[in-house]
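Please read the structure below before turning to the comments.
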Amino acid sequence: MLTLGAATIERIVDIDPFRFGLTQIFPDASLEALEDARAWLEPHSLDFATGQVLLGVQSHLLRIGGLTILVDTCVGECKPRPRRPDWHERRDTGYLDRLAAAGVRPEDVDVVMCTHLHADHAGWNTRLENGRWVPTFPRARYVMGRAELDHWTAEEARAPGEANHGLFADSVKPVVEAGLAEPVEEGFELTAGLSLIALPGHTPGQMGLSLKHPGGTAIFCGDALHSPVQLRRPDWSSAFCTDPVQAALTRRAMLEQAEGSGGMILPVHLRGATGFRPERVGDHWRPVYL
Ligand SMILES: [Zn+2]
C-alpha cells in the first residue's frame, strides 16, 4: 500500500501478464532502439528474446477523505470479446476477491472513475446477474469525461454492439441506464486535492485523476502511458491511440511535469508496481518504482 498524506492507494490486479508483440502495440518501435534500457526493461516490461511487451491490467483503489474510489475497472468477467482471446468470457478471475482482501465489498465503492472507455478499462463496471448486465458497484457514481462518453455513445449508435469489442453495450450502457453515470469536465473535483485532468490523444476524451498530496502530485494516467518502454521512447504512441501525435505530446508533458515536481505516475498497465517516479536520463526517463 502506498500512503500519500491522507490518501492510501492499492493495486487490484485483473490480468498479469498480458502480451503484445513490440510493433503490434508500438508501430514505430524496434528492439535496437531499446538496447541501452535493457537492464531495467527486462524481465518485467519487455522480453527481448521474443520481442514481446508484457503489460498488466490493474485498477487503483484510492481511499481519501472517507471516499473509496476505484480508478479503471479492467477487463471484467463473462464479457464476450472474441477478437481478444485473453479477455473473452473470463471466469473465476478472483478480481472481486482481491478487492475484498483489501477490505472493500462492491457496495463499499463510492466512486468508479473511468479514465476512458476502452474494453480493458471499464469491464468490471458491470457483471452478469441472472442473464443481465448490472452495475458491479451498486452505490457508486461512475465518473467519466463527458467528451469520452459522448464519443462512444455516437460510435455505439453508428454500429450497435461494436464499439470497443462490445464494451459500450455491456459495460457502459447499463451504468447509464441505471442512472449511475456522471459525465464531467476537466477540473471536476472529487474531493479537496483530487480532480480530473484532460489527457488527450489516446482517446478523444481521456481523463486522468490528479491527486495533490504533501509530497507532490500523483497522476492516475489511464493509457497516457502503456509501458515503461515509453520512458525510453516517449515519442512512441500505441497502435490504439486515436491521435498518436497528441498522445505523445500529452505523455511528454506529463513526464516533464512529474519529473520537475517530485510527481508520481500510476498507469493501469504497469506490472508489479503501483506506479513510478520518472527519473531523467538525458532525453528520456527511467522508472523508480513505487
Ligand atoms: Zn486504452
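Full extension from ALA39 to GLU279: what is 0.36 nm times the residue separation minus their Cα-Cα distance, to one decimal in nm?
Full extension of this stretch gives 84.9 nm more.
Explain nothing, just the number: dipole magnitude of the chain about its Cα centre with +1 on each Lys and Arg Cβ and -1 on each Asp and Glu Cβ, in debye rounded to the nearest 20.
380
From Cα pairs below 8 angstrom and at least 6 apart in sequence, can you work out the relative contact order of the chain, rounded to a whole percent?
Relative contact order here is 18 percent.
Take the alpha carbon atoms of the range 249-290, find their center, do the same for the range 45-94, and report the distance between the two centers in whole angstrom.
Value for the Cα centre distance between the two parts: 20 Å.
At a Förster distance of 35 Å, what's the computed FRET efficiency of GLU259 paired with ARG84, Cβ-Cβ distance as r, to 0.05?
0.55
Can you give the helix-only mean residue ellipticity at 222 nm for the chain, where every DSSP H stretch with n ≥ 4 adds -39500 (n - 2.57) and the sum goes over all residues, rounded to the nearest 500 deg cm²/dmol?
-5000 deg cm²/dmol
When all protein chains stay in place, what accessible area (Å², nearest 10, 1.4 Å probe) is found for HIS226?
10
Each label point is 7 Å from the Cα along the Cα-to-Cβ direction; what then is the distance between the points at MET1 and ALA178, in nm?
My value for the distance between the label points is 2.6 nm.
Output the antiparallel fraction of DSSP beta bridges having both residues in the chain, as a percent to the nearest 5.
75
For the range 1-84, what is the convex hull volume of the alpha-carbon atoms per residue, in Å³?
140
Report the per residue volume, in Å³, of the convex hull enclosing the C-alpha atoms of the range 69-226.
It comes to 123 Å³ per residue, whole-number rounded.
What is the Å³ per residue value for the convex hull set by the Cα atoms of the range 30-124?
Cα convex hull per residue, to the nearest whole number: 156 Å³.
Between LEU290 and ALA49, what is the spin-label point distance in nm, taking each point 7 Å from the Cα along the Cα→C-beta axis?
3.4
Please compute the modelled spin-label separation between ALA239 and GLU129, points set 7 Å along Cα→Cβ, answer in nm with one decimal.
3.8
Using only the Cα atoms of the chain, construct the convex hull and provide its projected area averaged over every direction, in square nanometres to one decimal.
If I average the Cα hull's projected area over directions, I get 14.0 nm².
Suppose a student asked you for the relative contact order of the range 20-99, using Cα pairs under 8 Å spaced at least 6 residues apart; what percent would you report?
After rounding, I find 16 percent.
The values are calculated or read from the model by the stated rules, or taken from the named source; none is laboratory data. Please read these numbers as outputs of a predicted model, since none were measured by experiment. With ideal geometry, Cβ positions are generated from the backbone for all residues, glycine too; neighbour counts draw on all protein chains shown. We work out accessible area using only protein heavy atoms, side chains counted, and drop any ligands, DNA or RNA first. Shrake-Rupley method; radii C 1.70, N 1.55, O 1.52, S 1.80 Å.
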